[in-house]
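Reviewing the structure listed below.
The values are calculated or read from the model by the stated rules, or taken from the named source; none is laboratory data. What you see is a predicted model; the values in this text were computed from it and never measured. Cβ: placed from backbone, ideal geometry, glycine included. Neighbour counts: every protein chain shown. Quick note on the areas: whole protein, heavy atoms, side chains included, nothing else; ligands and nucleic acids left out. Shrake-Rupley method; radii C 1.70, N 1.55, O 1.52, S 1.80 Å.
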Amino acid sequence: LVTTLSPIDLLMLQSADADEQDRLQRFKLGWRVYDGDMDPPLKVELGQRNDNVIVPLARSFVNTSVQFLLGEDLIFKSEDDRVNEVVDATWSGGTGRSNTKMLTLNKLAVSGGVTGHLFLKLRPENGRIKLSVLDPSYVSILWSQEDIDVVRRYRIQWPMIDKDNRPAVRRQDHTRQD
């Protein structure tokens with residue numbers, strides 16, 4: 001099946017691709033700045049001493065914000081004991097360790113602080129709920145054309161190596177069913 005795109009359709013696809021590339025470049029820049037990987041502010045002449053000092057203030061700002069947001073420990077409690085059991089098992093990762101919850105929340109908050117977006121995937125695993133922090137560059141969202149508050153689809157797409165040791169892409173679509 002061969003489909004011919006109209007010039008308008010082609011422009012729309014190019015625009016969407018350009019927007020996606022711009023979004024990914026912003027994420028990449030956010031992580032570079034967080035890691036202190038920035039261009040030096042002072043030019044260094046050949047043979048001269050380099051007086052540049054890179055201070056990753058973004059890292060300090062994000063980490064301080066995360067500490068302020070999360071504090072020492074968050075407690076999730078419900079009036080229903082069954083809900084409390086599920087929540088406790090989920091946050092401990094089934095290990096009984098209490099620190100798993102704060103590590104997961106910390107990773108989630110740092111990712112959100114650096115990129116401006118955060119995604120947490122919940123999935124059943126061994127009779128409990130597994131929580132995974134997703135890289136925002138792997139997640140795209142399709143909203144309803146009529147209502148920006150209605151998400152039609154979350155797409156999680158990431159690079160991988162297939163069984164034949166070749167580069168591949170894995171994709172999961174989570175689509176709203178009306």
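Tabulated data
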| read-out | value |
| --- | --- |
| Filter result for LEU131 (touching a helix residue (DSSP H, G or I) at 6+ places or on another chain (Cβ under 7 Å) and aliphatic (A, V, I, L, M)) | yes |
| Members of the range 23-68 found to be open to solvent by less than 50 Å² (accessible area, probe 1.4 Å) and charged (D, E, K, R), listed by number | ARG23 |
| Filter result (charged (D, E, K, R) and in a loop (DSSP other than H, G, I, E, B)) within the range 42-82 | LYS43, GLU45, ARG49, ASP51, GLU72, ASP73, LYS77, GLU79, ASP80 |
